[in-house]
Amino acid sequence: MSATGTRTGHVVVIGAGIAGLAAAHRLLEGGTRVTVLEAAGRVGGKLLPGEIAGVRVDLGAESMLARRPEAVTLARAVGLADRLQPPATATASLWTRGALRPMPKGHVMGVPGTAAALSGVLSDEGLARVERDAALPRTEVGEDVAVGEYVAARLGREVVDRLVEPLLGGVYAGDAYRISLRSAVPQLFRAARTHRSLTEAVRDIQAKAAAAPQTGPVFTGVEGGVGALPLAVADAVRARGGEILTGTPATGLRREAGGGWRITAGDRVLPADAVIVAVPAPAAAGLLRAESPEAAAELAAVEYASMALVTLAYRRAGLDLPAGSGFLVPPVDGHTIKASTFASQKWGWIAEQDPEVVVLRTSVGRHGETAVLQRDDAGLVEVSRHDLREATGLDAEPLETRVTRWTDGLPQYPVGHHARVARIRDHVAKLPGLAVCGAQYDGVGIPACIASAHAAVDQLAGDLTGVRELTAHPVQSLHGGAGE
């Protein structure tokens with residue numbers, strides 16, 4: 001059944017991040033009654049609006065891929081069409097070899113098609129190593145391979161350490177030598193399977209993109225912050241009659257003998273015809289352990305990286321930042337921060353709020369790095385200011401600083417991730433009326449999370465067809481009385 005077909009019944013969505021909210025929104029479009037449970041006191045997960053020095057900003061994810069339709073389509077559906085804004089500048093730099101250098105063009109996640117644009121980023125030896133790729137025998141990628149391992153074998157470690165690592169680190173906060181090529185850069189994985197050399201594969205990807213140009217920006221933001229998206233989706237869910245219960249963690253999930261599900265949330269019990277589990281892997285493992293210990297074991301093995309965002313506001317007077325949207329930092333250079341965004345230069349809506357205030361932010365923390373994140377907030381601000389001073393000369397005293405910690409915030413996609421996800425879904429599919437979605441499956445970006453939610457809803461379509469209309473479904477107390 002399509003997402004807009006007629007459904008009956010009641011679905012409980014566990015988790016009110018963007019995936020859970022997108023699932024609820026799609027269910028309601030199809031006529032299904034929905035209750036969303038969220039452990040935190042707010043909706044949105046890693047999408048968090050905030051404020052610094054009187055200026056609205058994002059304290060979590062700040063942009064979304066516009067070349068995929070899911071996020072932009074959802075934003076328009078919930079009334080944000082006139083607030084979608086592309087970056088004012090997309091020109092980024094690399095802080096490497098002691099200077100800010102223009103990000104090379106013509107690459108796929110840092111993997112170049114030629115050595116021509118890499119002067120200054122790579123050494124002469126590194127450039128020569130890239131040029132040898134065409135003469136090397138073909139390297140089989142098999143079912144999967146680590147991005148760093150494969151690229152280093154073809155082009156040398158310098159390409160990985162100074163280009164691929166900072167770009168992948170910005171997405172996954174992970175280690176390029178562990179991250180799956182198949183899961184993290186699927187376009188390049190497919191091309192590598194059919195081309196003799198890696199640079200040839202990259203050039204073929206670029207040629208196909210040039211032959212079918214797409215209009216519009218690659219990325220987009222939202223005036224007021226991407227954190228406005230989950231709030232708008234939540235409003236739309238409520239407007240359609242959906243219920244969202246924040247501060248209500250699901251603590252138990254059991255299949256009823258006669259069909260349907262029983263969800264425990266504190267002293268409440270919610271009966272449901274189907275359930276979508278849209279929480280991070282550790283929480284999902286806990287919920288599924290009773291009914292699908294196999295899926296739970298796979299989910300419990302998913303690793304996460306922690307990170308922190310340091311947001312700083314400065315007076316514009318006397319400030320002289322480099323042009324562009326910011327810079328990435330290869331870890332091989334030994335600096336603490338892994339990136340900095342010149343938010344007021346990247347987003348016009350930030351600059352327009354107060355022309356006398358300039359907002360920057362840095363990110364700190366990669367998979368396996370724990371010592372730096374053990375510093376207190378003042379310590380993270382200090383190391384961020386130190387690295388900003390070294391990279392840009394910025395030595396002014398900030399007006400205000402904010403530190404936002406995302407502990408275990410980013411799921412890791414190691415080699416074999418696709419197979420783990422397939423096993424999880426195979427186990428879950430054995431239980432009618434159950435589906436899963438979220439960043440730990442098919443991509444950590446906002447559009448990928450929304451696509452994951454839509455797939456979960458569509459999976460449930462057959463389970464909900466013909467289900468009896470349950471108009472009462474009271475939220476019951478474990479003590480026997482009617483709940484709120």
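Plainly put, the chain has a radius of gyration that is 0.99 times its Kirkwood radius, both from alpha-carbon atoms, as the Rg/Rh ratio.
If the chain linking Ala239 and Thr194 were pulled fully straight, counting 0.36 nm for each residue of separation and taking away their Cα-Cα distance, it would gain 11.3 nm. Taking Cα atoms only, the orientation of helix 446-464 departs from the longest principal axis of the chain by about 20 degrees.
In this simple spin-label model, placing a label point 7 Å from the Cα along the Cα-to-Cβ direction at both Glu390 and His335 gives a separation of 0.8 nm.
State whether region 104-201 is rounded, prolate or oblate according to the following rule on the C-alpha gyration tensor (a ≥ b ≥ c being the square roots of its eigenvalues): a/c under 1.5 gives rounded; otherwise a/b larger than b/c gives prolate, and the remaining case gives oblate. Verdict is oblate for region 104-201.
The label-point distance for Asp426 and Gln214, in a model that sets each label 7 Å from Cα toward Cβ, rounds to 3.2 nm. Report note on the peptides 222-231, 141-150: ranked by the mean count of other C-beta atoms within 10 Å, highest first, their order is 222-231, 141-150. Remark: the Thr73-Ala300 segment gains 78.5 nm on full extension, using 0.36 nm per residue and subtracting the alpha carbon distance.
For region 238-286, taking Cα atoms only, Rg and Dmax work out to 11.8, 34 Å respectively. Once the Cβ-Cβ distance of Glu131 and Val171 is raised to the sixth power relative to R0 = 30 Å, the FRET efficiency obtained is 0.60.
A full extension of the chain between Ala455 and Ala378 corresponds to an added length of 23.5 nm, given 0.36 nm per residue minus the alpha carbon distance.
A simple packing score, the average count of other Cβ atoms within 10 Å per residue, orders the peptides 151-157, 15-21, 383-389 as 15-21, 151-157, 383-389, with the highest score first.
Only helical runs count toward this figure. For the chain, summing -39,500 (n - 2.57) over DSSP H runs of n ≥ 4 and dividing by all residues gives -9500 deg cm²/dmol at 222 nm. Judged by the mean number of other Cβ atoms found within 10 Å, the most tightly packed of the peptides 189-199, 372-382 leads the ranking 189-199, 372-382. The separation of region 408-428 from region 282-303, counted between C-alpha centres, amounts to 11 Å. Each of Ala116 and Arg405 was given a label point 7 Å from its Cα along the Cα-to-Cβ line. The distance between the two points is 4.9 nm.
Among the trypsin sites (Lys or Arg not before Pro) in region 295-349, those located in a DSSP loop and surrounded by at most 16 other Cβ atoms within 10 Å of their own Cβ are Arg316.
Shape analysis of region 171-292 based on the Cα gyration tensor places the equivalent ellipsoid semi-axes at 41, 23, 14 Å, largest first.
Any read-out appearing in this document is the output of simple, stated calculations on the displayed coordinates, not a laboratory observation. From a predicted model like this one, the values you see are computed outputs, not experimental measurements. Cβ atoms come from the backbone with ideal geometry, glycine included; neighbour counts cover every protein chain shown.
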